[in-house]
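Let me begin by presenting the structure, written as structure tokens, before commenting on it.
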Amino acid sequence: FSFSTGSTLCSYELQPSEYTTDPRASKLCPKYPVPESAPIPFFHRCAPVNISCYAKFAEALITFVSDSSVLHRLISGVMTSKEIIMGLCLLSLVLSMILMVIIRYISRVLVWILTILVILGSLGGTGVLWWLYAKQRISASALETQIAKDNLQALLIYAIAATVFTVILFLIMLIMRKRVALTIALFHVAGKVFIHLPLLVFQPFWTFFVLILFWTYWITVLLFLGTTGTPVPNEEGFVEFRMAGPLKYMWWYHLVGLIWISEFILACQQMTVAGAVVTYYFTREKRNLPFTPILASVNRLVCYHLGTVAKGSFIITLVKIPRMILMYIHTQLKGKENACARCMLKACICCLWCLEKCLTYLNQNAYTATAINSTNFCTSAKDAFVILVENALRVAAINTVGDFMLFLGKVLIVCSTGLAGIMLLNYQQDYTIWVLPLIIVCLFAFLVAHCFLSIYEMVVDVLFLCFAIDTKYNDGSPGREFYMDRVLMEFVENSRKSVKEAGRGGGAEGRELKTMVGADEE
């Protein structure tokens with residue numbers, strides 16, 4: 001600067017050529033108009049050392065929150081109710097654990113208990129919401145604060161939504177009432193699995209822990225990618241990092257890795273559960289089970305089946321990436337494309353979503369077939385597909401009803417937690433908004449219930465495929481005895497009789513159900 005402009009910024013004791021070499025320059029020259037900074041390790045960035053430099057950013061954030069009255073009330077509602085929120089989240093965890101215990105010990109009556117509790121819970125929750133709304137509506141003259149008015153409006157919305165949900169739930173249960181009894185025996189056998197394999201309950205925790213570790217690693221690498229490249233001065237005189245060559249495409253590679261490895265971790269959980277349940281099912285004497293079937297399943301996965309899991313998760317990735325690209329294009333073109341293009345985009349996204357769900361279900365059954373026969377992924381997927389097609393009606397009768405009952409379990413946990421939250425937060429209605437706290441609690445309750453009951457759903461699906469393979473290759477004769485539990489056999493026989501009654505007269509349904517049981521005997 002001194003050479004180019006002729007300005008002497010430092011003391012006259014220093015020549016311009018000594019500005020950067022003389023040790024006295026730090027005292028005889030002015031300081032840079034930049035806060036004192038220190039480098040952040042590994043990320044090639046400098047940050048101010050003095051924390052007071054961040055005061056302006058904090059002040060701007062506080063000003064924004066203060067200016068937004070709605071945001072301010074929502075945040076204050078969460079902070080005021082944080083103890084209640086934490087307690088209700090803990091309650092949802094306890095309720096999920098209790099439900100798993102109930103499934104283990106009273107699986108025969110669980111279906112009817114769950115149905116009755118959901119009916120009572122839905123009616124009770126809806127009634128309480130309308131009662132609270134009517135109570136506050138009567139005292140409308142006392143609504144002097146904006147918070148109280150917002151709570152009254154929220155109560156009305158909640159009450160209407162709960163009423164609609166209860167009506168829809170009753171209609172679904174009315175349609176499926178004849179098939180509810182058919183799930184009792186299957187739940188009973190699944191309950192026996194959890195009695196012998198109690199560590200299955202904790203599988204969601206390990207999977208979530210591994211996913212958190214991987215996502216942390218992924219974000220760290222993402223930050224590294226943000227500072228790669230060659231430092232080049234731009235037109236304004238500042239230095240920026242410019243990536244050239246293969247580094248330009250590392251972002252895409254990193255994104256594909258996020259999807260693939262996340263699916264791989266989830267597939268490892270499915271393979272572990274399938275291996276443990278298969279070991280239980282095909283062990284005639286349950287006293288001879290390995291000491292830790294879960295660890296034995298993990299050992300087989302690591303030693304023999306990592307390629308199978310990697311291929312299955314990669315197939316899901318190949319379907320998920322185009323769907324995400326189409327969703328991104330649809331978002332970018334929102335309001336710009338014509339109706340025809342918008343309809344085609346949504347149709348393609350919907351088709352890819354359906355394909356992804358079907359492949360996910362097929363992959364899960366392929367992992368089960370791999371655990372049974374120790375075959376590669378393609379062979380296992382073909383075998384599982386053939387079994388599922390041969391027993392399409394049983395898949396519909398067992399999996400649909402079973403999944404619906406597990407969904408009712410999730411609804412029970414969410415309704416119970418939400419009802420407790422309404423009763424507790426109702427005491428703070430005059431000075432805090434409890435819309436956001438209640439939403440947070442209900443979402444957390446559903447997440448916890450889904451994590452626990454998804455394992456139960458996985459066990460039910462594995463048991464059914466084991467049963468289908470068992471009845472396909474065994475007929476109960478000497479030397480070809482069944483491996484299945486007698487209760488499961490009675491359940492399937494009852495299911496076959498019900499379907500035959502529905503299609504009496506030798507229809508296609510009766511002929512299809514005949515392919516598994518009784519074909520060899522005939």
Computed label-point distance, nm, for sites F205 and S4 using a 7 Å Cα→Cβ extension = 6.3
task = Compute log10 of I(q)/I(0) for segment 182-239 with the Debye formula, placing one identical point scatterer on every Cα and leaving out solvent, at q = 0.13 Å⁻¹, to two decimals.
result = -0.63
key: Translational diffusion coefficient (Stokes-Einstein; Kirkwood radius from C-alpha pairs) of segment 206-307 at 10 °C, 1.306 mPa s, in µm²/s   = 93
key: Cα→Cβ-extended label distance, 7 Å offset, between T227 and A134, nm   = 6.4
ask   = Out of residues 5 or more away from R242 or on other chains, whose amide H comes under 5 Å of its own, with H placed 1.01 Å from N in the peptide plane?
value = T230, V232
query = Hey, can you rank 345-355, 456-466, 86-96 by average C-beta count inside 10 Å, highest first?
reply = 456-466, 86-96, 345-355
note = Here the net charge surrounding C10, from other residues whose Cβ is less than 14 Å away from its Cβ (Lys, Arg +1; Asp, Glu -1), is 0
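Every read-out reported here was derived from the displayed coordinates using simple, explicitly stated rules and does not represent laboratory data. Just so you know, these numbers come straight off a predicted model, no measurement behind them. In this analysis, Cβ positions are derived from the backbone assuming ideal geometry, glycine residues included, and neighbour counts consider all displayed protein chains.
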